[in-house]
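The block underneath contains the structure these notes are about, expressed in C-alpha cells.
The values are calculated or read from the model by the stated rules, or taken from the named source; none is laboratory data. Every value quoted in this text rests on a predicted model; they were computed, and no experiment measured them. Cβ atoms come from the backbone with ideal geometry, glycine included; neighbour counts cover every protein chain shown. Side chains are part of the model used for accessible areas, which takes the heavy atoms of the whole protein and leaves out ligands, DNA and RNA. Shrake-Rupley method; radii C 1.70, N 1.55, O 1.52, S 1.80 Å.
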Amino acid sequence: MNLLAVEKPARYMGGEMGSIRKDAADLRFALAFPDVYEVGMSHLGLRILYHVLNAVDGIAAERVFAPWPDMEAQMSAAGAPLATLETATPLAACDIIGFTLQYELSYTNIVNMLRLGAIPLLAKDRDETFPLILAGGPCAYNPEPLAPFFDAVLLGDGEEAILEIARAVLAAKKAGESKAQLLERLTAIAGVYVPSLFEPQYHPDGTLSGIKALKSGYSSVRRRFLSDLDSAPYPDSPVVPFMKTIHDRVALEIARGCTRGCRFCQAGYVYRPLRERSPGTILNLIDKTLQATGYDEISLLSLSTGDYSCVTPLVTELMARYAEERVAVSLPSLRVGSLSDELIEEIKKVRKTGFTLAPEAGSDRMRRVINKGISEADLISGAASIYKAGWRLIKLYFMIGLPGETPDDIAQIATLARQVKDQAKGNGVGGDVNVAVSTFVPKAHTPFQWEPQISMQETTDLQYQLHCDLKKRKLRFKWQDAPLSFLEGVFARGDRRLAPVLARAVELGCRFDGWREHFRLEKWLQAFADCGVEPEWYLRQRLLDEILPWDHLDCGVTRDFLLSERERALAEAATTDCRDGSCGACGVCDFSVVSNRISTKTDMPVRPEFRVDEPVAARMRLRFSKTGVMRYLSHLELITVFTRAVSRGEVPILFSLGFHPHPRFSFGTATSVGVESQAEYMDMFVASGIAAREVQARLNAVLPEGLSILESEEVDVKSPSISTLIDATRYRITVAGADPEELSKQCVQFLAHDSFAIQRTKKGQTQSVDLRSETVSLAVDRHTFELVARRGKPVEFARAITGDEALKGDDILVEKLEVIFKQVS
C-alpha cells in the first residue's frame, strides 16, 4: 500500500517501540480492534492481552485495526486483504482473530474487517481452515446481534482465559480436529460462550419464547473471574505509538470493579467484585513502564479512581517521586464524594486543564433513583473547593431519559450547573462550566434493563430545551446526536435478528458509526427496511417476566438482585456501598476465591531524597538517518519519538521553563513525509558530563528500526541554530518509468532557464519561489537525477524538470543524501 496517499501513515507502519514481531510461531493470534489505530492503541485491554500472549513461546499476538476510509479505498483498488501490523499476515492466515466489543457503534467495523480479510461473515459458513473468530469486552454481555458472526465469545476477565483458549486452539490444530471438535473443547473453558450451541425461539409477537441449549450440560455460561488483580500480569513495556493517540501516557489500572451500585452503569455490575492493586505493586509497575516508554504522564485508571483505598498517599508519593522528571499524574475518574481537600491539593500540582464531575442527574430525587450517592450540597461544596484550588473550568456530565424523569428534573440540570459556576465567583476567581449531556441507553445486566429508551424526537426536544436553559445562564453545552443514541440503544438490547441488518448496513457503506462525520442515518434506516426490522421495537419497555436475549449469559449478578434494585429505584431508596463489609447479596462473591479485595497497604516504599544541583548545559549535534517505514513519520511524530527516546535511553536532557516544560532539542529543516534521509540533524541540550558518543549509543539502543544516530559531536552552547547554518541539500530523485534520454534532455532544458518561478499557497498566503535560482547543481543518471538545491521541495523540482504538474510524492523516490553547511569564517 502507498502510505503517502493516506491521511495518517503512522496508523499502518508498525515497528513501534515495544512492539513484538515473531516471524515464526506455532499460533498466530490477531488482536482486532474495530476502530482506528489511535483509538485502539489507547485501549487497556488490548495492551494487556498483547503482553500476556506474547510472553508465551510459540504464540505470536499481533494487532489489526479498522482501516480508515482512505486506506480501505486503496486496499479495495489493489485487491489487498486486511493484514496484521507486526508481520503483515493476512487475517485469513491467522489461527485466531479476537475482536474487542467495546461499543455498539463499532459493530459495522467488525463485519467490514471480516469482509476485508476475505473471511466468510457467518460462522456456519466457516470450517476449520479459517481462523477461529473470537470476541470479548464489555459488549460481550449481550453479543446476540453479532452472535451469527462469532465462533466463540469470552465473558469476563481475559488474562487467564485467553491463554487457555490459545492452547485449546493449538492442541486442536496439532490434532487435526474439525471445527465442531474445537468448539467442543472451548465449552470446557470457564467463561467461553459458543453461540452456535444455543438456538433462540420466538413468539408470534417477536418476543423470545425460549433459548434452547443444543449441548447437554451447557445451558448457560457464567463469566470468567480474575480473583487477584495484584498478582495478575500487566504490561510494563507496552507498545509506544509514533503518532498521538487518544490516551498518550502510562495507563495503570489501580482497581477493577466498583461497589457504588449506580443503577444505570453496566460496568459497575459486570466488573464486580472490586479488586485493588497494592500501592507497592502500582509504584513498581509505574517505575518500569516510565523507563520502558519515555512517557511524561501517568494516568491512574479504574471505574472510580477517587474511591481507591490508598489514593491520597499514593498520589502524594507519585508527585514527590517524579517531580524532578517532570512527570504529571492524572486521575480521570473522580467522584464528588471522594474529593478530600488533601487529594485536591495534590491534584492541583499537575497541569490543570479542566476538572470533570459526573452528577448524572439534575435533581437529588433522580440521583436517589439511580443510586448515585451524592447530593446537590456535596456537588456545590466540591465545586467550591476545586475553584479555590486554582481550576478555572469544571466539566459536568448529565444524562437525559432516565427512568421516572420529569420536566422538573431536566430543568434542574441548568439550575445546578449555574450554581456550580457561581462557586467560582464566591471564591473570588473566574470560572467556566461546560455541560455535556448524553441520552440514557438501558444496558443488559443492570436494574434498568427492562426500561424503555426515549425516542429520537424526545431526545431532540429535551436537548433543545437544555440548549435554551443553559444559554440563558451563559453555560456551554455539548450533547450526543440523537440518532447515535438511537442506534446504540437498538443494538445494546438487540437479538440475533439484527445480524442481517448489520451485514446489509456494511453493504450500503456504513463504517465508523461512532464518528459523527461518517454516521449516515438514512443508510441505517434503509438497512432496517430491507431486512424487515422495526428498530424502535428494541427501545420498548420489557415485561419483567419476559425472556431477554442475554438471559443464558451469567455476569454473576442475579436476576433477583437486579429486580430488587429496580424496586428500590422506584422507591428512591439507596443501596449502600459494599466495600465496607455490608453485603448486598448481588450474587457475585463466593467469599473464598471471588470477593472484594481492598488494599490496606499504606506503607509505600519511598524513593530516597537527594539534592539535585542546577545542571550545566552541554549541546550535542547529531546526524541521523530516517529510512524504511520511518520515512513516513511527520515532523511532529519524529519529535514525539525523540521525546520518548531520550527518556528511555536515560539521556540527561534539559527542559524548557514554564508550565508545560519540553525537552530542549531542535531539528534542522523538516524533511517532507516519504523522503528517506541520511542527513537529518538535531541539536540537543543535556547536562554536561556525558560524552557525545555516549548520547549516540544510548539513543541508538532505544530508537526503532529505521532511525539511527550516525554522528554526534559536542558544539558550543551558544553556536547558531542548525537551520541558520544550512546552505543547501543534496537529493537523489528517481522517476520510475522515465525515459533516460528524455530525462537527460529535460534536465538540460531546466538548467537553460534564467528563472523558473512557481507559486505556493499556504494558509491563504501566496508566495513565489524561483526553483532555477535555488538550484546549485543538477546531474542525471538514467532514471535518477542528483540535485543540490537551497530552497524548494524535491517534488516541486521533479515537476519543474519533467514538466509533469500532476506528479505526486508517491510517483518518485526521494533520498536526502547530504546537508551542505555554510562556510563559517
The listed residue being assigned to a loop (DSSP other than H, G, I, E, B) and either under 29 Å from Ile394 (Cβ atoms) or out of contact with any strand residue (DSSP E or B) (no Cβ under 7 Å at 6 or more places or on another chain) (or both), out of Glu517, Glu488: Glu517
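Among the listed residues Arg579, Arg607, Arg568, which satisfies the condition of being at pLDDT below 95, open to solvent by 40 Å² or more (accessible area, probe 1.4 Å) and in a helix (DSSP H, G or I)?
Arg579
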Quick one: how many residues across the stretch 184-225 are out of contact with any helix residue (DSSP H, G or I) (no Cβ under 9 Å at 6 or more places or on another chain) and either in a loop (DSSP other than H, G, I, E, B) or under 30 Å from Gln291 (Cα atoms) (or both)? 9
Can you tell which of Glu104, Glu128 is touching a Leu at 6+ places or on another chain (Cβ under 8 Å) and open to solvent by 30 Å² or more (accessible area, probe 1.4 Å)? Glu128
Given the conditions (1) touching a residue at least 24 places away in the same chain (Cβ under 8 Å); (2) outside any helix (DSSP H, G or I); (3) open to solvent by 20 Å² or more (accessible area, probe 1.4 Å); (4) under 29 Å from Asp157 (Cα atoms), report the number of the one that Ala61 does not fulfil. (3)
Evaluation of Ser231 against (1) more than 32 Å from the chain's Cα centre (by Cα); (2) of a type in the set (Ser, Thr, Tyr); (3) exposed (fewer than 15 other Cβ atoms within 10 Å of the Cβ); (4) more than 22 Å from Tyr269 (Cβ to Cβ) (one fails), failing number: (1)
Subset of the stretch 307-332 that is of a type in the set (Gly, Ala, Ser) and either open to solvent by less than 30 Å² (accessible area, probe 1.4 Å) or assigned to a strand (DSSP E or B) (or both) - its residue that is farthest from Leu654 (Cα to Cα): Ser330
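Restricting to the stretch 346-376, what's the tally of residues that are aliphatic (A, V, I, L, M) and either modelled with pLDDT under 85 or outside any loop (DSSP other than H, G, I, E, B) (or both)?
Matching residues across the stretch 346-376 total 6.
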Return the residues of the stretch 226-242 that are touching a helix residue (DSSP H, G or I) at 6+ places or on another chain (Cβ under 8 Å), in a loop (DSSP other than H, G, I, E, B) and either of a type in the set (A, V, I, L, M, F, W, C) or under 28 Å from Trp450 (Cα atoms) (or both); say none if nothing qualifies. Val239, Phe242
Going through the stretch 619-659 in order, the residues found to be within 22 Å of the chain's Cα centre (by Cα) and not in a helix (DSSP H, G or I) are Leu633, Ser634
Among Ile653, Ile709, which is open to solvent by less than 50 Å² (accessible area, probe 1.4 Å), touching a residue at least 60 places away in the same chain (Cβ under 8 Å) and either in contact with a strand residue (DSSP E or B) (Cβ under 7 Å, 6 or more places away or on another chain) or over 17 Å from Pro615 (Cβ atoms) (or both)? Ile709
Would you check which residues across the stretch 171-183 are part of a helix (DSSP H, G or I) and either in contact (Cβ under 8 Å) with a residue 12 or more places away in the chain or open to solvent by less than 60 Å² (accessible area, probe 1.4 Å) (or both) and list them? Ala171, Ala172, Lys173, Lys179, Leu182, Leu183
Quick one: which of Ser340, Ser299 is crowded, with 18+ Cβ neighbours inside 10 Å and of a type outside the set (Asp, Glu)? Ser299
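Please verify whether the stretch 113-136 includes one or more residues that are among the β-branched types (Val, Ile, Thr), touching a helix residue (DSSP H, G or I) at 6+ places or on another chain (Cβ under 7 Å) and assigned to a loop (DSSP other than H, G, I, E, B). Don't jump to the end; show me each part of the working.
Taking the stretch 113-136 and keeping what is among the β-branched types (Val, Ile, Thr), we get 119, 129, 133.
From what is left, the residues that are touching a helix residue (DSSP H, G or I) at 6+ places or on another chain (Cβ under 7 Å) are 119, 133.
Within this subset, residues satisfying the condition of being assigned to a loop (DSSP other than H, G, I, E, B) are 119.
Yes: the stretch 113-136 contains one or more residues that are among the β-branched types (Val, Ile, Thr), touching a helix residue (DSSP H, G or I) at 6+ places or on another chain (Cβ under 7 Å) and assigned to a loop (DSSP other than H, G, I, E, B).
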In the stretch 657-701, which residues are within 22 Å of Glu325 (Cβ to Cβ), open to solvent by less than 40 Å² (accessible area, probe 1.4 Å) and modelled with pLDDT under 90? Pro661, Pro663
For Leu334, work out the one condition from (1) at pLDDT below 95; (2) aliphatic (A, V, I, L, M); (3) in contact with a strand residue (DSSP E or B) (Cβ under 7 Å, 6 or more places away or on another chain) it doesn't fulfil. (3)
Would you please list the contacts, defined by Cβ atoms under 8 Å and residues six or more apart or on different chains, that run from a residue in the stretch 535-554 that is under 15 Å from Ile211 (Cβ atoms) to a residue that is in a strand (DSSP E or B) and of a type outside the set (A, V, I, L, M, F, W, C)? Ile547/Ser209; Ile547/Gly210; Pro549/Pro200; Leu553/Tyr193; Asp554/Arg222
